[in-house]
Amino acid sequence: MRGESSKGEHRESVKPPVELEALDYFVGSWSCATRLEAGPDGPARDTKGTMGCRWELGKFHLGVAEDDELTKAQPRRRQSRGFWSYDAHAKLYTCAAFYFGGGRFIGSSAGWRRDQLTFEGDLTVGTDRFAMQQWFTSRNDTELVVRVDVAGPDGEMTRRLEQTCLRDREE
């Protein structure tokens, strides 16, 4: 019928927003050294881990997976899975991250400002909700610094973690 298209034709005509190309920098495997500050989940500590980023679901979402190494000294896992995307209506990048232990972060960003991409939103852990900011600073093509600040009981933002990630070589 006139004006109708098959579902297959519709899927092929839908394209990811061009703004997502700004996230191509993250695609790949990263090795990360992290400094976690003391918090409800344990004492201050240094960890090592990985971050893997890849396009998923037709390149509409950047999948971001983080996993820290488990050690005898630190048997509690720091692990997350997230998706970043772009909301064309709001003209904002979006982030939904889910953490081992049940926490989640829902945030948004206006996009890159020079060498930094910042997501701001809410971290929910159990019945508690806190303001959170996540900065991704590109030092160059192979080095990325990530910092996370969380609002304390007084509402003041305090650093929760900082990590330096190096892009793994492709072989």
Compactness index (Cα Rg / 2.2 N^0.38 Å), the chain:
1.16
Share antiparallel - DSSP beta bridges, the stretch 95-139, percent rounded to 5:
100
Tell me, in nm to one decimal, what length is gained between Val145 and Arg104 on full extension, where the rule is 0.36 nm per residue of separation less the Cα-Cα distance?
12.7 nm
Trypsin sites (Lys or Arg not before Pro) within the stretch 120-171: DSSP coil, no more than 15 neighbouring Cβ in 10 Å:
Arg169
Give me the number: length gained by fully extending Val14 to Thr127, i.e. 0.36 nm times residue separation minus the C-alpha to C-alpha distance, one decimal in nm.
36.9 nm
Per residue, how much accessible surface does the chain expose to a 1.4 Å probe? Answer in Å², no decimals.
64
Solvent-accessible area, 1.4 Å probe, carbon plus sulfur percent, for the stretch 10-81
54
For the stretch 82-152, the accessible surface attributable to carbon and sulfur atoms (probe 1.4 angstrom, ligands and nucleic acids excluded) amounts in percent to 51
Spin-label pair Asp24/Arg54, simplified geometry with 7 Å Cα→Cβ offset, distance in nm
1.9
For Arg113 and Ala90, calculate 0.36 nm times their separation in residues minus their Cα-Cα distance, and state this gained length in nm to one decimal.
6.5 nm
Once you charge only the Cβ atoms, +1 for Lys and Arg and -1 for Asp and Glu, what is the size of the charge dipole of the chain about its Cα centre, to the nearest 20 debye?
220
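The values are calculated or read from the model by the stated rules, or taken from the named source; none is laboratory data. Being a predicted model, the structure only gives us computed values, none of them experimental. As a convention, Cβ positions derive from the backbone with ideal geometry for all residues, glycine included, and neighbour counts pool all protein chains shown. Only protein heavy atoms, including side chains, enter the accessible area calculation; ligands, DNA and RNA are left aside. Shrake-Rupley method; radii C 1.70, N 1.55, O 1.52, S 1.80 Å.
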